[in-house]
Amino acid sequence: MIKAIHNYIIFLRRCVKIAFVGDWRYYAWMGLLTTIVLLGINAYCKQFVNGLIVTGMSDEVSWGVYIANFTFLVGVAAAAVMLVIPVYIYRNEELYDLVIFGELLSVAAILMCLAFVTVDLGRPDHFWHLIPGIGQFNFPASMLSWDVLVLNGYLLLNLHICGYLLYSRYCGRKPSPWFYIPFVFTAIAWAISIHTVTAFLYVGLGGRPFWNSSIVGPRFLASAFTAGPSLIILALQVIRHVTLYKISDKALLTLRSIVQVSMIINVFLLLNELFKEFYTGTVHVASLKYLFFGLHGHHALVPWIWTAITFNLSAMVMLVLPVSRSLKWLNVACVLSIVGIWIEKGMGMVIPGFTPTTLGEIIEYHPSANETLVCLGIWAFGLLCYTIFLRMAVPILQGQLSRANEGSDHLTTQPPPKVVADFHF
Amino acid sequence: MAYNKKTGVVLAVLFTVFALLTAAFSLDLWGKPAPVKQLPLVNKELLKTETWRRSYADLVKDKEPLDDFDCYTCHEEGKKQVLKFDDKNQLVIPDEHKDVVMGHGTHGRNNNCFNCHIDDKLNELQTRDGRSLKFEESTQLCGSCHGPTLRDWEAGSHGRTSGYWNRALGPFKKQDCVNCHNPHSPKFPGRKPAPAPNHLRESSGGPEPTPIKD
Amino acid sequence: MDSQPNDTPTPAPPDMNRRGFLRTSAMFAAGAAALTASLKPLLQLKDFTSVDKFLQKYYKEMTPEDMEKVLKRIADDVERQYQVRPHVRDLKPMDGVEFVYALNLTRCIGCRKCVHACVKENNQSRSPEIQYIRVLKMPHGSLDVEKSEHNYSPEAVPEKGFFYMPVQCQQCRNPPCVKVCPVHATWQEKDGITVIDYDWCIGCRYCMAACPYGARHFNFTKPTIPADRLNPEMAYLGNRPRSMGVTEKCHFCVQRTRAGRYPACVEVCPAGARKFGNILDPESEVSKILSTKRVFIQLKEELGTSPRFFYYFDV
């Protein structure tokens, strides 16, 4: 038992060590991210001292880019399941190792979500009030309490699955199905739930007719399964380029078909929303009018949403046509999808819910410079985490970092030992 | 570890960047939060809870001089006062009473002093059903025509109530009609409202929303 | 079959030498220095929290002794900050009381005296401005708040063609804010008032998103109250000065109403448009209004909030 813990600590130490080691591209990338993170920390300290007045939020628009980013990233985290389903349910072996890359992205995304929610709190020092048992946890009435549970649970699930699979590979052992298969299947259902719960945060508010609509949940899932796999497609190509880890084009094209279908559903749901509001023409169409056309002379969001719509439609067209089988165009489509959905789900979802206000006012929202720095800092932190996870995971998967070569502190050019690990179902 | 020239350059650049950041953070080079705009405090007059007018009963209670209500310092006792009307049948207010502006009822329907006052007993008031009232009882006079309002006033639904809602714990005050209404011109005059709300973020672009005249 | 480990590993970089080690360490050291320096703004943190405040229990779990200590701490803090010794109490709801508010829309003239009387009574921040009551200028013929105007400032009110509708916390029977608060920092008490434990609120602002009446307000920074306008008669769940980062709202002047008095807005209204009382007492003004008036309404009642705030008219 002690030996097992000792071995595990050695493993962790080696993982940490390797995170500080790399070539000039690694240092440049990590240095850039660290710089942005430091700027973000500094900006957050200013917010901590002076209060949320340093952001652009107000009584009328009381949630802004922090919650917008949170919403988008919960979707990205849920999308890891889009790799898990083909591998474990449809037995698509092509994507096998990629599941780990997808789940590591989920972990990074969840960490970013937790960071965004924390920086949004007015009294983060009261955070312990949320801990079930110690504080006062308003479960099951408050959807935010559900969110706390499902997000942290999802984080633990993914950490366990990745950690177990990677450690097994490190030890040269075949992972025992009992320790990960049930968790994987739980993760599939759980991933859907994290994004549904986040959608329900908005849907359950009768006072906000823009959000109080049954289409929000399905729309969230459709856009998550578009943006998430798009991010993974891009990330996998980066991994392929930087580490020479073999990732076949077939894997990327499987992901492409997921993005394709999800984007079509996303656009279809958008058309549903537009018809319902604009055709019926009740008073509640005000928020959508504000978003698409401006209202009473206020039109800050209009260029944003039309950009998003253009990007999404272009991406959909590209994805449907065979031209996106070529990686160059696929990447363009992915970038367009990610940006389009980020705008649509973030600013295009949160801000119109508050505009006009419940008493009919229009107060516009513009993120402040400080707020933007904090957001960039958290994004950089997430990318930092993901890079570190990959920096640990890829050598393990390639056999370079394994129990067998624990003796040597330096990574040598010796060929890796033949690894016995072979995943069976 | 890769130790080629490129890494060396990158490390040197990063070192410089971090050193510059350290200096920049220590010197607070940017992002000093703007001081909160100090808004003017509201005029204390607007916070007063006293009524706009004081009734005869208030004056009596506060033992203030009641000369204004002693009609017979000028008028002759027992003599019937006669009203003057102009050619449009509108009441002509004599100069001695020019502070009274008649505006009781639309189209000058109530412009006859002796609808409420008594022409030969100026220190009392009369109702249309023949009751004689003292000035302190003026509320009953108003109520003799404004029945539903009197009913509401008695229930506490019309007019300001102040003090304790829980009458067991303390005193409760109901105002007289004349505490708020000028009996000769009872409709409230327009008043300047207290300042409009100041929003934390002024909305940019476009005029303030105006009511849509559909 | 890619389930075999990758056969083409990333070429391992050559070993590091002493110069490289020094340079890398120097970079990491500079990074650590930058990290420490980035935290510099925290040095300006004053009066943010103390061990007692951090560990303070939830209101409903406090014993009377706990509450005594907390009230004394609050009084000390206020005295230190404003040089005024306040009288802070924890008033409990009375039995047999359910508060209801009735507002006569025929009578409101839109003078906004209620707004400012409330601000004074409840120690709201003057800069940035927090006001629990918002008076809506509505055009004749509609209760659609989107047609309202909030910033009217004419020479004289009331203006022809409009009526005025003040909106504040409706103390709903089915409050959405209570439902969504993740830490139970806001709840409804026995007498119908929805209260907030300001020391428990985490400032997530979900309640503000949930409220259909815009009744909840957030302290985006440390509130500013001029010391000469501080109201020293305070209640724990009511008008004691709030900290930055928590939500507040109308609580029917809990420090007055639980002592049997009218709220400040009722006291100051020059037109007598505001009525308040115990609906469980058939002799109260509000009972009489709700049992005799033919027309009275609740705002946005289709949302199922069941407000305890009624707007009535003179018939």
(request) Filter the range C:284-312 for residues that are in a loop (DSSP other than H, G, I, E, B) and more than 30 Å from residue A:212 (Cβ to Cβ) and give the result. (result) C:284, C:293, C:294
(message) Tell me yes or no: at least one residue of the range B:37-47 is exposed (fewer than 13 other Cβ atoms within 10 Å of the Cβ), assigned to a loop (DSSP other than H, G, I, E, B), over 39 Å from the mean Cα position of the chain (by Cα) and of a type outside the set (Asp, Glu).
(response) no
(request) Select from the range B:150-185 the residues that are in a helix (DSSP H, G or I) and more than 8 Å from chain C (Cβ to nearest Cβ) and write down the one among them that is nearest to residue C:281 (Cα to Cα). (result) B:154
(request) Please work out if residue A:11 is touching a residue at least 40 places away in the same chain (Cβ under 8 Å) and crowded, with 22+ Cβ neighbours inside 10 Å. (result) no
(message) If I ask for residues that are assigned to a loop (DSSP other than H, G, I, E, B), surrounded by fewer than 22 Cβ atoms within 10 Å (Cβ to Cβ) and more than 9 Å from every other protein chain (Cβ to nearest Cβ), which ones from the range C:173-187 would you list?
(response) C:173, C:174
(message) I'd like to verify a number: residues in the range A:227-253 that are among the hydroxyl-bearing types (Ser, Thr, Tyr) and part of a helix (DSSP H, G or I), how many?
(response) 2
(message) For the range A:111-128, give me the residue count where each residue is aromatic (Phe, Trp, Tyr) and within 7 Å of chain C (Cβ to nearest Cβ).
(response) 1
(request) Find the residue count for the range C:99-119, including only residues that are at negative phi, outside any helix (DSSP H, G or I) and of a type outside the set (A, V, I, L, M). (result) 7
(request) Within the range A:152-172, track down each residue that is within 15 Å of residue A:188 (Cβ to Cβ) and surrounded by fewer than 18 Cβ atoms within 10 Å (Cβ to Cβ). (result) A:153, A:160
(message) Restricting to the range C:288-315, name every residue that is among the small types (Gly, Ala, Ser), touching a residue at least 24 places away in the same chain (Cβ under 8 Å) and more than 7 Å from every other protein chain (Cβ to nearest Cβ).
(response) C:306
(request) Determine, yes or no, whether residue C:262 is farther than 24 Å from residue B:162 by Cβ and assigned by TED's automatic domain parsing to the domain that holds residue C:198. (result) no
(request) Out of the residues in the range C:106-119 that are over 27 Å from residue C:238 (Cα atoms) and of a type outside the set (Ser, Thr, Tyr), state the one that is farthest from the other protein chains (Cβ to nearest Cβ). (result) C:107
(message) Would you confirm, using the coordinates I've provided, whether residue B:191 is modelled with pLDDT of 90 or more and among the basic types (Lys, Arg)?
(response) yes
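A quick yes/no check of all residues on (1) in a helix (DSSP H, G or I); (2) within 25 Å of the chain's Cα centre (by Cα):
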| site | (1), (2) |
| --- | --- |
| A:8 | yes, no |
| A:14 | yes, no |
| A:22 | no, no |
| A:25 | yes, yes |
(message) Just the residues that are at the interface with chain B (Cβ under 7 Å from one of its Cβ atoms), of a type outside the set (Gly, Ala, Ser), part of a loop (DSSP other than H, G, I, E, B) and touching a residue at least 12 places away in the same chain (Cβ under 8 Å), please, taken from the range C:120-157.
(response) C:126, C:128, C:131, C:150, C:152
(message) Being β-branched (Val, Ile, Thr), more than 15 Å from the chain's Cα centre (by Cα) and either more than 20 Å from residue C:167 (Cβ to Cβ) or crowded, with 20+ Cβ neighbours inside 10 Å (or both): is that true of residue C:286 here?
(response) yes
(request) Considering only residues that are part of a loop (DSSP other than H, G, I, E, B) and surrounded by 11 or more Cβ atoms within 10 Å (Cβ to Cβ), look in the range B:80-93 and name the one that is modelled with the lowest pLDDT. (result) B:90
(request) Would you check which residues across the range A:311-324 are in contact (Cβ under 8 Å) with a residue 24 or more places away in the chain and β-branched (Val, Ile, Thr) and list them? (result) A:320
(message) Quick test for you: out of C:89, C:80, pick the one residue that is over 23 Å from the mean Cα position of the chain (by Cα) and either of a type outside the set (A, V, I, L, M) or at positive phi (or both).
(response) C:80
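The values are calculated or read from the model by the stated rules, or taken from the named source; none is laboratory data. It should be emphasised that the depicted structure is a prediction, and the values quoted were computed from it without experimental measurement. Here the Cβ is made from the backbone with ideal geometry for all residues, glycine too, and neighbour counts use every protein chain on show.
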